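Notes follow once the structure below has been shown.
Every number in this text was worked out from the coordinates using simple rules, so none of it is lab data. The model shown is predicted, which means the values in this text are computed figures rather than measured ones. Cβ sites come from the backbone with ideal geometry, for glycine too, and all protein chains shown count toward neighbours.
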Amino acid sequence: MKILSDINENKKILKSRIPIDQSFDVIGREIKVGNKDCYLVFIDGFAKDDIMLWILETLQSMETVGNINFIKKLLSRKIGYIEVETFDDFETLEDSVLSGAVALILDKENEGLIIDAREYPVRGPEEPDLEKVTRGSRDGLVETIVFNTALIRRRIRDTNLVFEMKSVGKRSKTDVVVGYIKDLADNKLVDDIKQKLDSVDVDSLIMAEKTLDELIIKKKWYNPLPQVKFTERPDVVSAHLLEGHVAIIVDTSPSVMLLPATLFHFTQHAEDYYQNPLVGTYLRWVRFFGILLSFVLLPLWLLLVYNKSILPESLSFLGPKETGVIPLFLQFIILELGIDLLRIASIHTPNSLSTSLGIVGGLILSEFAIKVGWFVPETVLYMAIVSLGTFATPSIEFSMAIRIFRLFLLICTGLFKLYGFIVALSIVGIIIFKTKSFNNKSYLWPLIPLDIKSLSNVLFRKPIPEIKKHK
């Protein structure tokens, strides 16, 4: 609906669309600018007080002026603030005001002014808890989208770096930014992402980027594998953009979605590149080994214990002498659930008590459980090793997927022994093989299809000049 020239009519229409007299934080104020009646609309708590005070003092001190080109004179001579634009419809006014800007309607004018003097509550850019490094930058992304794009552009001062803004959610109208480097990103991929964002039909992004992930990527309920990489580090986002990836930044969230992502993207960490290439390679291989152990160690040990007769003399030590009251595979299931319960409890526990909770859960409970005969020491030992491998996985989404697969493999092995192990392992392999990344390419690239140069870059942390040479 277009803005009318009669300010009284505009105020009536505006009050019927925006709860100015009902909601305490929606402010509508009548002011005089020269000889014109004007109406100022904004959300209390978003507008910068010092900027608004300066603008109001400037406008209200104006002398009587003519009606010809009044808005142009305001823009060119009186409102010296940088982010100012005109609007001519109520829809633009609503969207701007509800997102934090200030709207100014003038009598006998078919246009108004949007003054972007908003300031969101924000925390400092601290290092993310999930992605700490021993050496490197300590800044992290925050919940304000403009600050996040600034942190990224600070690292990539390239004219080809583009951040395109979109609005998602019929009610929330959440700001979503698609970031990419024009001459590096796949144009088809960028267009596909933008098309999917435009086609999202939802009231609001309740859980920010996680809700968006489920809306734009088709997933099977039985497949826990993540198809999007999340990060809260601006240096990681910048590195992926320089590799041709696309970043999706959602306002109100410090996590950025990186597309496309394959299985091996979830096994790498910024720590590898803040260390010497040889040290980085060593850390990467230790991590690979930990991830593999976290998946297969428990069901494989259980399978070998069930088939001790086929073990060579050197492996005869495997397996407990006494199995305890509870069957071995049930002991592992209970321990898995106990670890998850401990993790959930630690999330809901204040930091001052989390250490005590870890000691109680990790030491006291397991020790007494062994003494009363619930568990045997071997099951607790192997569960501890598997937990280390799980926590060594850089992506929490990927580590949870491995945990689900491990539980499935463990249950099948416990119930059906060797056949259960083989069938469950085959099912997991088929799920991984059939999973596709966002651009419909193989989830196992560069292993399948085989790309030797890219695979070598995954397996070995090579010096930066050598990686650039292979591009």
Checklist entry - Using bins 10 angstrom wide from zero, how does P(r) for the stretch 129-178 break down, in % of all Cα pairs? => result 19, 41, 30, 9, 0
Checklist outcome for this item: The answer for F375, listing residues at least 5 apart or on another chain whose modeled amide H is closer than 5 Å to its amide H, is I370
Checklist entry - What list of ³J(HN,Hα) values in whole Hz, one per residue of the stretch 293-300 in order, does the Karplus curve 6.51 cos²θ - 1.76 cosθ + 1.60 (θ = phi - 60°) give from phi, with Gly and Pro shown as x? => result 4, 4, 8, 10, 4, 4, x, 5
Item to check | ³J(HN,Hα), Karplus 6.51/-1.76/1.60, whole Hz, each residue of the stretch 32-48, x for Gly, Pro | outcome: 10, 10, x, 9, 9, 7, 9, 9, 9, 10, 7, 9, 5, x, 9, 6, 6
Item to check | Residue order, fewest to most beta carbons within 10 Å, for W301, W285, W221 | outcome: W221, W285, W301
Checklist entry - When S456, S366 are ordered from fewest to most other Cβ atoms inside 10 Å of their Cβ, what list results? => result S456, S366
Item to check | Mean Cα-pair separation over length for the chain, i.e. relative contact order, pairs under 8 Å, 6 or more apart, % | outcome: 12
Next on the checklist: Please list, in order along the stretch 86-91, the HN-Hα scalar couplings obtained from phi with the Karplus expression 6.51 cos²θ - 1.76 cosθ + 1.60 (θ = phi - 60°), rounded to whole Hz, x for Gly and Pro.
Outcome noted: 9, 9, 9, 9, 6, 4
Checklist entry - Can you give the Rg to Rh ratio of the stretch 129-261, both from alpha-carbon atoms, with Rh computed by the Kirkwood formula? => result 0.95
Next on the checklist: Given the C-alpha atoms of the stretch 272-453, compute the convex hull and give its volume per residue in Å³.
Outcome noted: 176
Checklist outcome for this item: Once amide hydrogens are built 1.01 Å from N within the peptide plane, the residues lying 5 or more places from V142 or on another chain with amide H under 5 Å from its amide H are N148
Checklist outcome for this item: At the level of C-alpha centres, the distance separating the stretch 274-296 and the stretch 157-175, in angstrom, is 36
Next on the checklist: Suppose a student asked you for the relative contact order of the stretch 52-149, using Cα pairs under 8 Å spaced at least 6 residues apart; what percent would you report?
Outcome noted: 19
Checklist outcome for this item: Treating every alpha carbon of the chain as one equal point scatterer without solvent, the Debye formula yields log10 I(q)/I(0) values at q = 0.10, 0.11 Å⁻¹ of -0.89, -1.01
Checklist entry - When the Cα atoms of the stretch 7-115 are enclosed in a convex hull and the volume is divided per residue, what value in Å³ results? => result 92
Checklist entry - Between the stretch 404-463 and the stretch 14-72, what is the C-alpha centre distance in whole Å? => result 60
Checklist entry - Under unit Cβ charges (Lys, Arg +1; Asp, Glu -1), what dipole magnitude, rounded to 20 debye, does the chain have relative to its Cα centre? => result 1720
Item to check | Convex hull per residue volume in Å³, alpha carbons only, for the stretch 219-352 | outcome: 232
Next on the checklist: Please return the longest range in the chain lying between exposed loop sites, taking GluC sites (Glu not before Pro), DSSP loop only, at most 14 other beta-carbon atoms within 10 Å, and leaving the sites out.
Outcome noted: 323-471
